[in-house]
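Worksheet: the structure to be examined is printed underneath.
None of the figures in this text is laboratory data; all of them are computed from the coordinates on show. If you're wondering where the values come from, they're calculated on a predicted model, not measured in any experiment. Don't worry about glycine lacking a Cβ; one is built from the backbone with ideal geometry, like all the others, and counts go over all protein chains shown.
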């Protein structure tokens, strides 16, 4: 068995790829399985891809990515399985996946962790969104040997195209997230981690945080690749870096994950909440999609449906150190049992059987 991982991003750079693909690779190494990871984007282009301008660099990176995919076709005969995370190429039809499955007759494993069959147009990606060919998801599912889905909402979509579609949640390596948050601190820090694409969701709880600021002293920390535009005097921005991600998270006493109740949001895999809980940080999340399964309400954190609910739960945690400690410890145990690499190692390896 020899595996080819066809991924969008440079290794170590993107959360979905790091936690759905890269952190499982040591399992293959331990079993002596040979594999190759083949990103579409080069690191030099990835650094500017979501920044304004740099059009020539982005165009050069796009051409380079397609050239690498064409060269990769020549290597397909040497692999038994082709694992595609999200998509082989960012624009146009799924030509690489079709050739791999139908012409080269490789066992195609397709993995996704968002509702990527839906258009997700923002002000910054209007042109690219029109070229993404989102309908390719259903075709790739139907051509695949197996489909790996990040939550049960995604699995239900995939099952309509392929009965070999399995639920494999995004997982946390407990051995790496090996520190439990000390909740006995002089100041309270509420926080959020994410990327530019999900920063707008923070607007959903901005009024709640403004109301809490009138009564309590705390910091609201945002760990991201872009500074948010929030009218909060408590706001503190920490640029995300892989090397400092856990240290930054350990500043938090409480972690939040607001989501709108939309079909796109129901495709989210609750990973922010899992990161918080793995470090003993209680999570307060919107009662949307996978959040309701990943965060059992009142056991490891809280799920909220209303602004009033958000306010009351955050106020409760601000005031009660022992509650933060109890929920944090339960959250750590919950992640270890249900959302850790160890808990799903066999499910990942079974994708290739």
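Values as computed for the structure displayed
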{"read-out": "Highest-MSF residue in the chain out of 252, 180, 279 [GNM, Cα springs under 10 Å]", "value": "180"}
{"read-out": "Isotropic mean projected area of the C-alpha convex hull, the chain (nm²)", "value": "16.9"}
{"read-out": "Residue of 163, 155, 75 that the Gaussian network model of the chain assigns the largest fluctuation, springs spanning Cα pairs under 10 Å", "value": "75"}
{"read-out": "Mean residue ellipticity (222 nm) of the chain, computed from DSSP H runs ≥ 4 via -39,500 (n - 2.57), nearest 500", "value": "-10500 deg cm²/dmol"}
{"read-out": "Sequence of 173, 247 once ranked by neighbouring C-beta atoms within 10 Å, starting from the fewest", "value": "247, 173"}
{"read-out": "Residue of 80, 170, 303 that the Gaussian network model of the chain assigns the largest fluctuation, springs spanning Cα pairs under 10 Å", "value": "80"}
{"read-out": "Likely footprinting exposure, 277, 1, fewest C-beta neighbours within 10 Å first", "value": "1, 277"}
{"read-out": "Cα-projected label distance for residue 42 with residue 323, points at 7 Å along beta-carbon direction, nm", "value": "5.4"}
{"read-out": "Estimated inter-spin distance, residue 63 and residue 1, nm [label 7 Å along Cα→Cβ]", "value": "4.0"}
{"read-out": "In degrees, nearest ten, helix 321-338 long axis to first principal axis of the chain (Cα)", "value": "20"}
{"read-out": "Förster radius 41 Å - calculated FRET efficiency between residue 180 and residue 103, Cβ distance, rounded to 0.05", "value": "0.20"}
{"read-out": "Cut-off 15 Å (backbone N to label point 7 Å along Cα→Cβ of residue 226), residues of the stretch 240-263", "value": "240"}
{"read-out": "Percentage relative contact order, the chain, counting C-alpha pairs under 8 Å, at least six apart", "value": "15"}
{"read-out": "Neighbour-count order for 35, 302, fewest beta carbons within 10 angstrom listed first", "value": "35, 302"}
{"read-out": "Cα gyration tensor, the stretch 188-338 - rounded (a/c under 1.5), prolate or oblate", "value": "rounded"}
